[in-house]
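S.K.: This is the structure I want to talk about, given as structure tokens.
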Amino acid sequence: NTTDSPVAVETLDDVPEHVLRGLPEDVRLFPSAVDKSRLGVWATKSILKGKKFGPFVGDKKKRSQV
């Protein structure tokens, strides 16, 4: 008999305020389509190829750290 531990679900309350302020206007955080316990980045309309966002705010991470 096994019991599964509840999985912590990431919410907007877990996201630092500077991250929310730094999102482009057509980008939102909603539950991930890949991992329901995490938030995912969703576009509210099409984003053209080559579109640049910025300035970057926060700590830069290496690809292996994310």
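S.K.: Express the carbon and sulfur contribution to the solvent-accessible surface of the chain as a percent, rounded to the nearest whole number, probe 1.4 angstrom. Before the final figure, lay out each step's value.
M.R.: Working: 3400 of 6390 Å².
Roughly 53 percent of what the probe reaches on the chain is carbon or sulfur.
S.K.: Okay, moving on. In Å², what does the accessible area per residue of the chain work out to with a 1.4 Å probe?
M.R.: Values: 6390 Å² over 66 residues.
Here the per-residue accessible area is 97 Å².
S.K.: For K62, go through the aspartates and glutamates and keep the ones whose alpha-carbon is under 19 Å away, minus same-chain ones fewer than eight residues off.
M.R.: none
S.K.: Here is a follow-up. Sorted by accessible area (1.4 Å probe), largest first, how do V34, V27, V41 line up? Let's see the in-between values first.
M.R.: Numbers: V34 140, V27 15, V41 105 Å².
Output order, biggest surface exposure first: V34, V41, V27.
S.K.: How high is the FRET efficiency between T11 and K62 when r is their beta carbon distance and R₀ equals 22 Å, given to the nearest 0.05?
M.R.: Values: r = 26 Å, r/R0 = 1.20.
Approximately 0.25, to the nearest 0.05.
S.K.: Another question, if that's okay. Taking the full set of protein chains and a 1.4 angstrom probe, give the accessible area of K51 in square angstrom, rounded to the nearest 10.
M.R.: Only protein atoms counted, so the area is about 120 Å².
S.K.: Which chymotrypsin sites (Phe, Trp or Tyr not before Pro) in the stretch 19-66 pass both tests, a DSSP loop state and at most 13 other beta-carbon atoms within 10 Å? Could you put the intermediate results ahead of the total?
M.R.: Numbers: sites: W42, F53, F56; in loops: F53, F56.
Counting only loop positions with at most 13 other Cβ atoms within 10 Å, the chymotrypsin sites (Phe, Trp or Tyr not before Pro) in the stretch 19-66 are F53, F56.
S.K.: Would you work out the Kirkwood radius for the chain? I mean one over the mean of 1/r across all pairs of different Cα atoms, in Å. Mind showing how you got there, number by number?
M.R.: Working: mean 1/r = 0.0696 Å⁻¹.
Result for the chain, one decimal place: 14.4 Å.
The values are calculated or read from the model by the stated rules, or taken from the named source; none is laboratory data. Here the structure is a predicted model, which means the values were calculated and not measured. Neighbour counts run over all protein chains shown; Cβ positions are idealised from the backbone, glycine included. Each accessible area value is taken on the protein alone, full model and side chains, heavy atoms only, with ligands, DNA and RNA left out. Shrake-Rupley method; radii C 1.70, N 1.55, O 1.52, S 1.80 Å.
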